[in-house]
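What follows is a single structure, written as structure tokens, with notes after it.
The values are calculated or read from the model by the stated rules, or taken from the named source; none is laboratory data. Because the structure is a prediction, the values reported are computed rather than measured. So basically every Cβ, Gly included, is an ideal-geometry build from the backbone, and we count neighbours across all protein chains shown. These accessible areas exclude ligands, DNA and RNA; they are computed on the full protein's heavy atoms, side chains included. Shrake-Rupley method; radii C 1.70, N 1.55, O 1.52, S 1.80 Å.
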Amino acid sequence: MIHHPIIKVAIPVPLPQLFDYLQTEDGSLTPVGSRVLVPFGHRKLVGIVIAHATESALPTEKLHRIVQPLDQSEPLFDSKLLELLKWCWKYYKHAPGEVVLSALPPVLRNAQGKLPAAPLQYLLTDSGRQRLGQPAGRAKSQHAMLEALADGPKAGDKLSSIGSQWRKTLARLKEGGWVEEETAEAAEPFFTPGPQLTPEQQKAVDKISHDLQHFHCHLLDGITGSGKTEVYMTLIERVLSAGRQTLVLVPEIGLTPQLLRRFRQRLGLEPAVIHSGLSHGKRLAAWAEARAGRALLVVGTRSSLFTPLPKAGLIILDEEHDASFKQQDGFRYSARDVAVKRAAELRIPVVLGSATPSLESLSNAASGKYAWHRLRQRATRASLPHWRVLDLCQQKTYQGLSSSALEAIAEAIDRQEQVMVFLNRRGYAPVLMCHQCGWHGSCDRCDAHLTWHRSAGRLCCHHCGRQRKTPALCPECQADALMGAGEGTQQLEEALEQRFPGLPVLRFDRDRTSRKGVMDRQLEEVMKGEPCVLVGTQMLAKGHHFPNVTLVVIVNVDQALYSADYRALERMGQLLQQVAGRAGRMEKAGTVILQTFHPEHPALELLLTQGYEVYARWLLEERRLAGLPPVGYQALLRAEAHERSQAQQFLQEALKVFPQGEAKANGPIPAIMERMGGRSRMYLMLLSSSRASLHRQIDQWQPLLRDLPSARKTRWAIDIDPQEL
Ligand code: ADP
Ligand code: ZN
Ligand code: ZN
């Protein structure tokens with residue numbers, strides 16, 4: 001019998017299995033972790049080799065050969081990363097190929113995509129050194145280049161200062177044997193000492209760095225301004241000194257130039273940055289540098305979690321409570337949870353940092369699973385801000401701002417200080433209404449109002465992106481009576497400009513800062529410290545450090561108090577605390593004004609009088625009573641279809657075949673926003689006090705779901721540890 005080695009390949013198709021192929025006739029066995037081009041139906045797809053086998057469930061005659069291996073060098077993924085991806089597809093019940101391919105930079109998902117060559121550096125040969133000792137003569141630029149190399153090897157781009165002809169000069173010197181090239185080494189970090197650590201910081205650093213050789217999960221629970229970033233940098237310094245790599249994960253909008261600058265200054269190292277907003281080329285280059293072990297500090301958002309790190313020494317996840325760490329479509333993983341898993345497999349420590357830790361992490365810290373490091377003092381002399389709650393029932397408002405808030409703003413400006421006005425709603429008004437007949441602009445594809453973007457003359461849906469021109473007259477009764485109801489950041493900007501003529505008002509929201517350079521320019525303006533007002537959405541809540549902001553006005557968070565989402569109060573508490581943390585970060589004391597129609601709401605009262613930790617403990621107790629996460633384990637079966645009845649029918653059939661066990665299924669339940677993008681969205685909620693039972697039952701259920709008659713007519717997915725309902 002002929003022995004045919006089988007190659008098991010992950011292919012980016014929404015199917016739950018790996019696919020078996022035969023090796024090309026001439027080739028040797030393509031190594032595990034490498035890319036291959038394979039025939040699939042009428043197409044040719046790029047897949048990754050996951051395993052070799054001697055047997056297939058299919059007869060050998062039925063198997064196709066791979067078209068060709070795509071990677072000449074070492075496999076792209078090492079076995080540890082493959083193990084992690086395998087764990088991910090099993091845990092998140094997602095198609096293996098989609099999981100594995102999503103871990104590659106987009107360029108490498110293409111058959112033409114190649115790993116870039118390692119960067120080169122240039123150095124003097126012996127004869128080059130001799131020539132340097134002789135007079136330059138007429139070859140001035142050659143001599144200048146030799147001089148530039150006198151104190152050690154340099155990368156090509158460092159030689160460009162010689163003049164525009166530097167490439168030619170370099171080529172001559174190489175031809176003549178005066179200069180040779182070699183693969184560049186990792187840049188040596190150059191540390192600049194940081195400030196003397198506070199006792200709390202020192203304690204955290206000592207405990208975490210006490211054992212950097214093993215897996216431990218650390219929760220760095222430090223109020224804003226307590227110096228968490230300083231703790232990270234001290235730890236990174238130690239890891240770098242040992243020649244090992246650190247991966248720092250930040251939320252989508254946490255990747256600020258400020259943070260990168262601090263890393264650069266303190267560690268003397270250019271961080272390799274990886275996020276989805278980069279050009280494909282840059283992202284590939286950073287990924288390749290990390291994979292080669294040359295990039296010692298990798299900073300990125302969620303998607304950078306799967307970057308290969310041959311010399312991994314530490315993972316840090318900043319703002320660990322942030323919802324953007326959970327991917328909300330396709331492969332719905334939590335970067336926080338997978339980061340902990342990855343650190344465990346790599347046997348390295350992981351640090352989760354936040355001023356407002358998630359209930360998940362707090363409960364893990366409370367149970368002793370995570371080491372808990374509290375920083376409760378601000379690192380600088382700044383004191384904690386003082387809260388003032390303004391009852392909107394008792395106040396006159398002017399385009400959303402109460403008279404007391406306006407007075408406080410005027411006073412701060414008189415003192416030559418800066419003010420931040422926070423409202424998590426962009427646009428001019430959240431809805432456009434007819435005061436004659438009550439018509440209001442709503443999206444025909446979503447259960448949502450259209451936001452009025454007045455200056456653009458448009459009504460926009462913030463959920464599906466649909467836009468239309470603002471009607472001049474009411475589309476229903478033709479009356480000239482259309483008016484905005486409620487406020488968005490654009491309206492606040494306008495109101496403040498009218499109220500304080502001549503005062504700079506800087507708006508920070510997606511509409512404004514999506515234009516290139518605007519964000520940096522505005523941040524620079526704020527940093528000058530002149531009196532001004534910053535108006536913005538949660539974009540302002542994170543990562544920034546504005547020394548002269550002493551007053552924060554929170555316009556409205558009342559929606560969260562009565563939301564149907566059980567996480568709404570947790571998120572509100574985090575947001576309030578984060579926004580408040582922007583006030584009075586330096587010597588000057590800060591004030592936070594919270595406007596609300598419900599000053600007596602028990603959640604608000606608890607948060608403001610007792611602080612986030614007590615508040616979170618209370619929320620955790622509520623979750624315990626309801627058996628909700630993180631006390632209970634949850635998963636959703638989500639379904640969406642054009643017609644509600646289709647989604648409903650699928651979920652009802654699914655419910656009937658849900659396997660018996662500890663986990664219980666409930667529903668169908670409409671999503672909090674049922675219609676979105678023209679589809680009706682519903683779910684079954686699965687809840688269990690045992691994670692193992694929940695997963696076992698779902699694993700038994702999945703093949704039954706695929707066979708349901710209605711499964712083809714609906715778009716459905718399993719969402720493990722969901723963050724949104
Ligand atoms: P966090 O990340 O917790 O918000 P940062 O690390 O950004 O806090 O620190 C807040 C401010 O305090 C920064 O300006 C930082 O330079 C400063 N800082 C941090 N640690 C110290 C320290 N030990 N001594 C003096 N200043 C410090
Ligand atoms: Zn009308
Ligand atoms: Zn819409």
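A few points about this structure:
- Selection count where residues are assigned to a loop (DSSP other than H, G, I, E, B) and either of a type in the set (S, T, N, Q) or open to solvent by less than 50 Å² (accessible area, probe 1.4 Å) (or both), scope the range 143-161: 4
- Scoring LEU45 on the criteria (1) in contact with a strand residue (DSSP E or B) (Cβ under 8 Å, 6 or more places away or on another chain); (2) closer than 26 Å to ARG283 by Cα; (3) in contact (Cβ under 8 Å) with a residue 40 or more places away in the chain leaves a single failure, condition (3).
- The range 471-501: number of residues that are of a type outside the set (Phe, Trp, Tyr) and either under 19 Å from ARG512 (Cβ atoms) or more than 16 Å from ligand 2 (Cβ to nearest atom) (or both): 16
- For the range 342-386, a residue qualifies if it is within 16 Å of ligand 1 (Cβ to nearest atom), open to solvent by less than 10 Å² (accessible area, probe 1.4 Å), in a loop (DSSP other than H, G, I, E, B) and of a type in the set (S, T, N, Q), and exactly one does: THR356.
Yes/no per residue for (1) in contact (Cβ under 8 Å) with a residue 60 or more places away in the chain; (2) over 25 Å from LYS90 (Cα atoms); (3) under 18 Å from the mean Cα position of the chain (by Cα):
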{"site": "ASP337", "(1), (2), (3)": "yes, no, yes"}
{"site": "LYS341", "(1), (2), (3)": "yes, no, yes"}
{"site": "ALA355", "(1), (2), (3)": "yes, yes, yes"}
{"site": "LEU362", "(1), (2), (3)": "yes, yes, no"}
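- Within the range 424-470, tally of residues that are aliphatic (A, V, I, L, M) and within 14 Å of ligand 2 (Cβ to nearest atom): 3
- If only residues of the range 603-644 that are among the small types (Gly, Ala, Ser) and more than 17 Å from ASN666 (Cα to Cα) are counted, the one that is surrounded by the fewest Cβ atoms within 10 Å (Cβ to Cβ) is GLY611.
- Cross-chain or 6+ apart pairs with Cβ under 7 Å, the range 48-68 first and touching a residue at least 12 places away in the same chain (Cβ under 8 Å) and farther than 10 Å from ILE7 by Cα, then open to solvent by 50 Å² or more (accessible area, probe 1.4 Å) and part of a loop (DSSP other than H, G, I, E, B): THR60/HIS4
- Only one entry in GLU61, GLU83 is open to solvent by 50 Å² or more (accessible area, probe 1.4 Å), of a type in the set (Asp, Glu), in contact with a helix residue (DSSP H, G or I) (Cβ under 8 Å, 6 or more places away or on another chain) and outside any loop (DSSP other than H, G, I, E, B), namely GLU83.
- Condition met for LEU655 (crowded, with 18+ Cβ neighbours inside 10 Å, of a type in the set (A, V, I, L, M) and either touching a His at 6+ places or on another chain (Cβ under 6 Å) or modelled with pLDDT of 95 or more (or both)): no
- Breaking point among (1) out of contact with any Gly (no Cβ under 7 Å at 6 or more places or on another chain); (2) part of a helix (DSSP H, G or I); (3) open to solvent by less than 50 Å² (accessible area, probe 1.4 Å), for ALA136: (2)
- Flag if ILE672 is at pLDDT 95 or above, under 27 Å from the mean Cα position of the chain (by Cα) and of a type in the set (Val, Ile, Thr): no
- Qualifying residues in the range 451-488 (those that are among the hydroxyl-bearing types (Ser, Thr, Tyr) and in a loop (DSSP other than H, G, I, E, B)) - the one nearest to ligand 3 (Cβ to nearest atom): THR470
- Selection status of GLY243, open to solvent by less than 20 Å² (accessible area, probe 1.4 Å) and either more than 16 Å from ligand 3 (Cβ to nearest atom) or farther than 21 Å from ALA285 by Cα (or both): no
- Residue match in the range 540-547 (condition: in contact with a strand residue (DSSP E or B) (Cβ under 6 Å, 6 or more places away or on another chain) and more than 16 Å from ligand 1 (Cβ to nearest atom)): no
- The C-beta contact set for the range 463-486 (first residue acidic (Asp, Glu), second residue within 16 Å of ligand 3 (Cβ to nearest atom), distance under 9 angstrom, 6+ apart or interchain) is empty.
- Members of the range 276-333 found to be small (Gly, Ala, Ser), more than 27 Å from GLU230 (Cα to Cα) and in contact (Cβ under 8 Å) with a residue 60 or more places away in the chain, listed by number: GLY281, ALA285, ALA288, ALA292, GLY330
- In the range 168-220, the qualifying residues are those that are under 29 Å from the mean Cα position of the chain (by Cα) and among the small types (Gly, Ala, Ser), and the one that is most open to solvent (accessible area, probe 1.4 Å) is ALA187.
- Note on the range 501-567: enclosed helices (runs of 4 or more DSSP H) holding 3 or more residues that are surrounded by fewer than 19 Cβ atoms within 10 Å (Cβ to Cβ) are 518-527, 558-561.
- Which listed residue, of PHE500, PHE508, is of a type in the set (Phe, Trp, Tyr) and in contact (Cβ under 8 Å) with a residue 40 or more places away in the chain: PHE500
- The single condition among (1) part of a loop (DSSP other than H, G, I, E, B); (2) open to solvent by 40 Å² or more (accessible area, probe 1.4 Å); (3) within 19 Å of GLN702 (Cβ to Cβ) that LYS90 does not meet is (1).
- Residues located in the range 490-519, provided they are within 20 Å of the chain's Cα centre (by Cα) and either closer than 24 Å to GLN416 by Cβ or of a type in the set (Phe, Trp, Tyr) (or both): PHE508
- Of all residues in the range 424-449, exactly one satisfies the criterion of being farther than 25 Å from GLN595 by Cβ, more than 14 Å from ligand 3 (Cβ to nearest atom) and crowded, with 21+ Cβ neighbours inside 10 Å, namely CYS434.
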